[in-house]
Structure formats: structure tokens, C-alpha cells
1. If you scan the range 82-107, which residues turn out to be closer than 20 Å to GLY340 by Cβ and of a type in the set (Val, Ile, Thr)?
2. Going through ARG237, ARG209 one at a time, which residue ends up being in a loop (DSSP other than H, G, I, E, B), open to solvent by 20 Å² or more (accessible area, probe 1.4 Å) and either in contact (Cβ under 8 Å) with a residue 24 or more places away in the chain or farther than 20 Å from LEU26 by Cβ (or both)?
3. Return the only residue of PRO303, PRO319, PRO284 being closer than 20 Å to LEU15 by Cα, exposed (fewer than 14 other Cβ atoms within 10 Å of the Cβ) and out of contact with any strand residue (DSSP E or B) (no Cβ under 6 Å at 6 or more places or on another chain).
4. Of all residues being assigned to a helix (DSSP H, G or I), polar (S, T, N, Q) and over 19 Å from ILE63 (Cα atoms) in the range 137-156, which is most open to solvent (accessible area, probe 1.4 Å)? Just the residue, please.
5. Being open to solvent by 10 Å² or more (accessible area, probe 1.4 Å), in contact with a helix residue (DSSP H, G or I) (Cβ under 7 Å, 6 or more places away or on another chain) and not in a loop (DSSP other than H, G, I, E, B) is the filter here, so list the residues in the range 24-49 that pass it.
6. When you go through PHE52, PHE67, PHE73, PHE87 one by one, which is the residue that is touching a Cys at 6+ places or on another chain (Cβ under 8 Å) and either hydroxyl-bearing (Ser, Thr, Tyr) or surrounded by fewer than 21 Cβ atoms within 10 Å (Cβ to Cβ) (or both)?
7. Tell me, yes or no, whether the range 329-344 has at least one residue that is of a type outside the set (A, V, I, L, M) and either open to solvent by 50 Å² or more (accessible area, probe 1.4 Å) or farther than 23 Å from ILE63 by Cβ (or both).
8. Let me spell it out: the conditions are (1) more than 26 Å from the chain's Cα centre (by Cα); (2) under 28 Å from ALA51 (Cβ atoms); (3) open to solvent by 50 Å² or more (accessible area, probe 1.4 Å), and PRO314 meets all of them except one. Which number is the exception?
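The values are calculated or read from the model by the stated rules, or taken from the named source; none is laboratory data. Every value quoted in this text rests on a predicted model; they were computed, and no experiment measured them. Virtual Cβ from ideal backbone geometry, glycine too; neighbours counted across all protein chains shown. What goes into the accessible areas is simple: the full protein's heavy atoms, side chains included, and nothing from ligands, DNA or RNA. Shrake-Rupley method; radii C 1.70, N 1.55, O 1.52, S 1.80 Å.
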Amino acid sequence: MKKNRVVSIELLRILSMMMVVMLHYLSKGELLTPLTEEFGPGAYIAWLLEAFSIVAVNVYMLISGYFLVETGFKPGRLARLICQVLFYSILIPPVLLAAGILDPGELSVYRLLQYLLPNQMIHYWFITAYVIMYLLSPVLAAGARQLSQKQLGLTIILLLCFFSVSKSLLPVKLEIDNAGYDGLWFVCVFLVAAYMRLYGIPFLQKGKRAALCYLGGCVLIYGLTLGVRMVYLKTGRLGHFIHAPYDYNHILNLFAAISLFYAFSDWKLSGEKFMGRVILRVAPYTLGVYLLHEHIELRSLWPFWLGAASEYSPWALAPRAVGSVALVFAVGILVDMARGALFDTAGKILGRWRGKLRRNP
């Protein structure tokens, strides 16, 4: 991709992480009234915000897969990711203990293992699924490049029929369906991103059309959910099918995510201008926002600290949600910048130490 388009994709990375924070603010802040219950005005607004943010995870994975198919697997990158995760999972609990937020009596062997082995204990489900995908990425990328366009496209279609289309159309509970919360779905998204990188999707390669498809996809997610909900409230049936459009592996979710990706990829931004420099400066630290606010000891606390559950005015819900997301994002970026500076300093010290050992074995 041209450099000016890379800036736009990095802006999309920032936006998708803000969407992730929005999803957690709404869900952990108990603003999403269960779909099987009666709604007040605020519930309709909260679920609408959810519909326009639910593409975030798929977008983040599309960005990763889009670049990984060309750059390939790098052990050092994986090691840095693991160290970054451990930084948050291990250091946050002592800080909360010192602040009196975390009760020592709540600690257990299982909880300690979640701190020390975050990937194996699924402390952060996204990171666990991402690591699985990343470990498989060399094979996936090589396979995608080796297959013809027709073969790769057919493989993706069959995988999507198995993991996405079936659950999107059949109003039954499929035992294999994990709603996209696993590495298998990330593998599917990786292959979709690989196809986009290698061959493109001409229908969506015009920014305005792609933006309209994103908006239409999100509206369909919202409308379909409310439609099935209406059937449930009248008949008591399809209760297990109401939430399906909001699952990560629903076909509408994936379609909207792909559309949003293309809408931004067609947006020309210069990395030489002030806004471009800010985007390129901030984007590398977005994952830290997730690792901070979604830590197991914080994920259920911070929305209430920001007054999520005390929101009574439905018209103030959206502005407060946006403001809370912006605040959490800003704090997360600053913390991860500090973490990055600490890691850089430690790397330099380690480099000097290794140099001395080589000179004086």
C-alpha cells in the first residue's frame, strides 16, 4: 500500500480500539438491557451504539492479517507481545492492592495463574486467540500465496459457510458455534484479509460505496436483532437466536467490518502532516488500551467509576459513553507509551550488558 494509505489504516486501528472500549463500556457498565426483557429508551440507544461498534474485533484482525500475509512471522514480535501482556497482567494487581481496590482475600491460586499465564488461562480472550492465529500465520500466509485466486476464494467461502453463514441463517443452537471468540474464527478472518491483500474485492474498493455498506451492515444488525426480539416477545420463541447478529462470526458483522476497512483504505492521509504524524505516533500503543482496561481486576470496575450504571437520561447516554471512551483511550495510550519507554530503556541496558559480555567472555 502507498504510504498515505497506511496512515488511514492506522487511523482505523485507533478507531477500532475505541470501538472495543465502547463495547466494554456498554456491556460491563450494564447499559445493555437483555434482549429478552422490556426496553426503555436508553436501551435502544445503547444497542444502536453496540451495533456500530461490534465490528471492532473483526476490523482489528483484518488489519493484522492484511499486513501479516506479506511481512510474515517474526519471533521477536511475538516475544514483545507476550512481554507486553505480562507487563499488565502481573503489575496491575500489586498497584490495585496498594491502592486498596483489590482485596487480598480475593486472591487464589487460580487467579494468580491468570496473572502469570495470561495466554493459557485466557485472561484476555482476544490475545489468546490472536497468539494462536499468529503462530499459524506462516502456514496460512504461505498457503494463501500458493493457492490460485479461485482456490483461495473457494476455501474462504467453504470456511465461512461452516463457521458464519450457517449460524447466521439457521435459527438453532449450533454446538460448534463459539460466536467468534476463538482462534478458529481469527484464522478465517486472516484468510479473508489475505485475499483482500492479494486480489482485493472490487465491489468495495470505492470509499463511498464501502462506507455506505458499513452503515447498511450495522443498521441491518440492529434491525434484524430488534425484529427477532419482537418475535420472541410475542411468541416466546427464538430466544437463543436474538443475539446472533451481534456475534463476531455473524456474516453481517464480517461484511460491515470489511466495508469499513475499505472505506478507510481509500482515504488518503499524509504521514507528513500534523494529523498524520499524530496518528502514526499513537497507533502502535492501541493494544495497551485493551490490556489496561480489560484486565481481569479492572474490567468490571472502570465503567462504574465513570458513572455508566448511574445514567438515567437516555439522551445523555451517547455523549457520556463517547466521553468515557475517549478518556479511557487517552489514559491507556499514555500508560502504554510509558511502558514502551521502559521497555526501550531495558532493551538498551540489556544490549550494553550483552556487548560487555562479548568483549569480556
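1. ILE82, VAL85, ILE90, ILE92, VAL95
2. Checking each option against the conditions leaves just ARG237.
3. None of the other options fit; the residue is PRO319.
4. Step one: list which residues in the range 137-156 are assigned to a helix (DSSP H, G or I), which gives 137-146, 149-156.
Right, trim to polar (S, T, N, Q) and you get 137, 146, 149, 151, 155.
Within this subset, residues satisfying the condition of being over 19 Å from ILE63 (Cα atoms) are 146, 149, 151, 155.
Numbers: GLN146: 153, GLN149: 86, GLN151: 96, THR155: 54 Å².
The selected residue is GLN146.
5. Of everything in the range 24-49, those that are open to solvent by 10 Å² or more (accessible area, probe 1.4 Å), in contact with a helix residue (DSSP H, G or I) (Cβ under 7 Å, 6 or more places away or on another chain) and not in a loop (DSSP other than H, G, I, E, B) turn out to be HIS24, LYS28, PRO41, GLY42, ILE45, TRP47, LEU48, LEU49.
6. Checking each option against the conditions leaves just PHE52.
7. Yes, that holds for at least one residue.
8. (3) is the only condition that PRO314 fails.
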